[in-house]
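Structure record follows, encoded as structure tokens.
All of the numbers you see were taken from the coordinates with simple rules; none came from a lab. Since we're looking at a predicted model, the values are computed, not measured. We place every Cβ from the backbone using ideal geometry, glycine too, and count neighbours over all the protein chains shown.
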Amino acid sequence: MESARRVSDLTAEPRPGVTDEVFMAEAVVYAMEAKAAGNLPFGAVVVHNGVVIAGASDQLAVSKDVTAHAEMLALSMAGRRLNTLDLSTCTLYSTAEPCVMCGSATLAALIPRVVIGVCRDDVPHFFKHRHVRFQDLFADAYGDVDFRIGVLRDEILPLFDGVARSNRYPDSVAVSMSP
């Protein structure tokens, strides 16, 4: 779901020098919105020329669509806004390490830089251990992707408090908020 208050118009002036933390903070707002709406606490934004051109929150529980991950929605929106499948001039900011599906979409979009808030290992009560990780997909396909991991980690980790996830689709999205 696009948020008009955070996604910039494509004619907006580039914001050189804006830090990864500023853009990750935008993704965190989407993650907070997702959790408040009963979805999982994931948020993602796509930045082009120093401007946020797409942003999304997880929509799995509400949409009943297994592809409605924040990263997938943000990448789709960015492609539509730029009118291209080639997002090689963009950076993806994701509050959590993307899954293999989102990683594959990121690869297909030719994203050269990915900034991640928390890794799977940071939230072991939530994420199932995987033998293939997001970074492995990129290393196997082409090894020149720039990763930055741990941006705003301490601010993102509390979003997973009180959130449980079972191990099966389609019933895996079981958001339970403990007091």
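Below are the figures for this structure:
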quantity: Protection proxy ranking, peptides 55-61, 120-126, 108-114, 152-158, average beta carbon neighbours within 10 Å, highest first; calculated: 55-61, 108-114, 152-158, 120-126
quantity: Residue list for the stretch 42-72, given a label point 7 angstrom along the Cα-to-Cβ vector of Val22 and an amide N cut-off under 13 Å; calculated: 48-52
quantity: Gained length - Ile149 relative to Asn49, 0.36 nm times residue gap less alpha-carbon distance; calculated: 33.9 nm
quantity: Listed residue (Leu159, Leu60, Ala108) projecting farthest to the positive dipole end of the stretch 15-174, Cβ model; calculated: Leu60
